1. Considering only residues that are more than 8 Å from chain A (Cβ to nearest Cβ) and either at positive phi or touching a Pro at 6+ places or on another chain (Cβ under 6 Å) (or both), which ones fall in segment B:103-122?
2. Being within 17 Å of the chain's Cα centre (by Cα), assigned to a loop (DSSP other than H, G, I, E, B) and facing another protein chain (nearest Cβ under 9 Å) is the filter here; which residues of segment B:88-102 pass it?
3. Restricting the search to segment A:126-149, which residues are of a type in the set (A, V, I, L, M) and modelled with pLDDT of 95 or more?
4. Among (1) at pLDDT 95 or above; (2) touching a strand residue (DSSP E or B) at 6+ places or on another chain (Cβ under 7 Å); (3) closer than 27 Å to residue A:71 by Cβ, which single condition is residue A:14 missing?
5. Given (1) part of a helix (DSSP H, G or I); (2) closer than 25 Å to residue A:203 by Cα; (3) in contact with a Phe, Trp or Tyr (Cβ under 7 Å, 6 or more places away or on another chain); (4) within 14 Å of another protein chain (Cβ to nearest Cβ), identify the lone condition not met by residue A:177.
6. Just name the residue that is nearest to residue A:6 (Cα to Cα) out of those in segment A:68-127 that are in contact with a Leu (Cβ under 6 Å, 6 or more places away or on another chain) and small (Gly, Ala, Ser).
7. Answer yes or no as to whether residue A:210 is within 16 Å of the chain's Cα centre (by Cα), aliphatic (A, V, I, L, M) and either buried (at least 20 other Cβ atoms within 10 Å of the Cβ) or not in a loop (DSSP other than H, G, I, E, B) (or both).
8. Determine whether segment A:79-86 contains at least one residue that is crowded, with 19+ Cβ neighbours inside 10 Å and within 14 Å of chain B (Cβ to nearest Cβ).
There are 2 protein chains.
Amino acid sequence: MTKKAVLLLSGGLDSATTFALAKEQEFDVYALSFRYGQRHAVELNAAKKVAEMLGAKEHKIADIDLRLFGGSALTADIDVPKSRSDDEISHGIPITYVPARNTIFLSFALAWAEVLDAYDIFIGVNALDYSGYPDCRPEFIEAFEKMANLATAYGVAKNQRIRIHTPIINMTKAQIIGEGLKRNLHYSVTISCYDPSSEGKPCGQCDSCILRAKGFAEHGIVEDV
Amino acid sequence: MTKKAVLLLSGGLDSATTFALAKEQEFDVYALSFRYGQRHAVELNAAKKVAEMLGAKEHKIADIDLRLFGGSALTADIDVPKSRSDDEISHGIPITYVPARNTIFLSFALAWAEVLDAYDIFIGVNALDYSGYPDCRPEFIEAFEKMANLATAYGVAKNQRIRIHTPIINMTKAQIIGEGLKRNLHYSVTISCYDPSSEGKPCGQCDSCILRAKGFAEHGIVEDV
């Protein structure tokens, strides 16, 4: 029997690297992306390319418009902060935090996993670079996994457990990129920007662009964007 | 300061009763319903009527098409079981179970609560009548609450907790109806059927119709449907 895994795929470099690592563990990857009203919806084009490049068994895009609630620079008419210092990026909950987003994403992944009869979910959360996001912390993931096993047929009828895998949770951005480069991952198809142009050109100044550029710089790479 | 609560509102009698109980605790109720691809989407008309009747501060309907995953008689082309015995209804996970549905619903409620700065979520789950649904059990709700406090700004920046309220979780259907009748709740606007006609006429034979009719019968009431 093949091992199936559902993987949350954003089009950014973290989830692409997570995909490469899941493949190495010989999972058939079912990739799940979201059109959630994000201002950087061009990331979905990148997600499609990554899914194809890395051979997703299937790639679904769920439509869930989180603009219904707002409350974030990514889903409401609030400016994305630009050119922040390291100190500013690493302290507090940024306005780019989308309320309960990873909880919602993982809940959808859980639904698909249950239908697929899959026992593994991969998510490319990272606790270092985005230390201000509560839903990127290991204690959140652990609590979600516990809840997921009580929420579904896994623990009840199947006598199985579902596991949430977070292979890059404790890596720096440079380490994540290093893992991908070792595996010949073509990062050029990924996009990390929170506020790209409509053609998908990254702004170069949001937290996500800054962290990405620094990560590549540590490998002596300057991306041509 | 007013107390705000987000309440999951389906249009059925359980969530309507839960609404009445939340109001009694003097919450301003923000009602949330879902167009999730359910075959009984007419329940949304009932949800609108309940929201209006009980004075919701706001009523939002989120579009999340769970037919993307299927796997349930409510969201896929699978027949809804009819005329089952008590014993059949109360054993095993029924095919009307929608994978991870309550997890998804509560995740959206959590997102809205966080944006509203609300500390309370109400859900009309019931562990007795739907004993086969893993996501109606108290241990699931408890695990979700723990996870929710780690997932969001509540525990991190606000030093507050969010609470999931399940006032009818341990009541029989007759007890639930009794609570509503005491409060003059007009159940005629609610609909419980899993498989109604396009005009909203209940089938009378699905598990949900059977449980509802029995609950009213214990109060000597036969509904005119």
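The values are calculated or read from the model by the stated rules, or taken from the named source; none is laboratory data. The structure displayed is predicted, hence computed values, not measured ones. Heads up, the Cβs are rebuilt from the backbone with ideal geometry, glycines too, and the neighbour counts pull from every protein chain shown.
1. If the condition is that a residue be more than 8 Å from chain A (Cβ to nearest Cβ) and either at positive phi or touching a Pro at 6+ places or on another chain (Cβ under 6 Å) (or both), then B:117 is the only one that fits.
2. Within segment B:88-102, B:97, B:98, B:99, B:100 meet the criteria.
3. A:141, A:143, A:147, A:148
4. Here residue A:14 clears every test but (2).
5. For residue A:177, the exception is condition (4).
6. Among them, the one singled out is A:109.
7. In short, no.
8. no
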